[in-house]
Amino acid sequence: MDTLPMDTLQVTFVAVLVFGAAGLVHILTARPTIGSATIAAMLAAGFGAYTAVQIWSEGVVMFFTNHTGNLTGIQVWWDLVMCVIIALFFIAPRARAAGMNVPLWALLSACTASIGLLAMIARLFWLESQGETAAAVAPAKA
């Protein structure tokens, strides 16, 4: 049988699709009260590393070129911007309640999108887990 080999970009696309589907299944089936700071931090670091390779390989200008070359690029840009804003809308109240500097995290998210959001979420989950741990250890008040 003659099969068509996939190039690195196609393998990366399929890997993201598979891991994204696994993440979606986990989100829909697991019911934790607080997300995993470790997983969020690992995703931020992994995507940050991948982005660093992309910038080193293709340059920062490719972000602009990719999102302004055609209607599809513009649509993907709008989608990215809207997703960051929607995520911040849902994350910000919890982050404020946890004592995080929301304007600083929003600036990081605006500049790096998913990388900043994942780092923000990792910090939020860690702070929330520390509060939950402290509440479980603290003696009951009369």
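Charges only on Cβ, +1 for Lys and Arg, -1 for Asp and Glu: so what's the dipole of the stretch 40-142 about the Cα centre, in debye to the nearest 20?
My answer is approximately 340 debye.
Taking 37 °C and 0.692 mPa s as the conditions, I'd like the Stokes-Einstein D for the stretch 86-136 in µm²/s, using the Kirkwood hydrodynamic radius from alpha carbon pairs.
In µm²/s, the coefficient is 298.
For the chain, with all protein chains present and a 1.4 Å probe, just round the carbon and sulfur fraction of the accessible area to a whole percent. Intermediate results must be reported in sequence, preceding the final value.
Working: 7920 of 10790 Å².
It is 73 percent, rounded to a whole number.
Suppose we look only past 17 Å in the calculated P(r) of the chain. What percent of the Cα-Cα pairs does that tail hold? Intermediate values should be presented prior to the final figure.
Working: 7190 of 10011 pairs.
In whole percent, the share of Cα-Cα pairs in the chain beyond 17 Å is 72.
Under 1.5 on a/c is rounded, so check that first for the stretch 43-107, then, if it is not, pick prolate when a/b is larger than b/c and oblate when it is not; a ≥ b ≥ c are the square roots of the alpha carbon gyration tensor eigenvalues.
Oblate is the answer for the stretch 43-107, as a/c is 1.5 or above yet b/c matches or exceeds a/b.
In deg cm²/dmol, rounded to 500, what helix-only [θ] at 222 nm does the chain give when every DSSP H run of at least 4 residues adds -39500 (n - 2.57) and the total is split over its residues?
Numbers: 6 runs with 114 residues, N = 142.
After summing the helix terms and dividing by residue count, I get -27500 deg cm²/dmol.
The values are calculated or read from the model by the stated rules, or taken from the named source; none is laboratory data. What you are looking at is a predicted structure, and each value in this text was computed from that prediction instead of being measured. All Cβ positions, even for glycine, are placed from backbone atoms using ideal geometry, and neighbour counts span all protein chains on display. Surface areas here come from the heavy atoms of the whole protein model, side chains and all, with no ligands, DNA or RNA. Shrake-Rupley method; radii C 1.70, N 1.55, O 1.52, S 1.80 Å.
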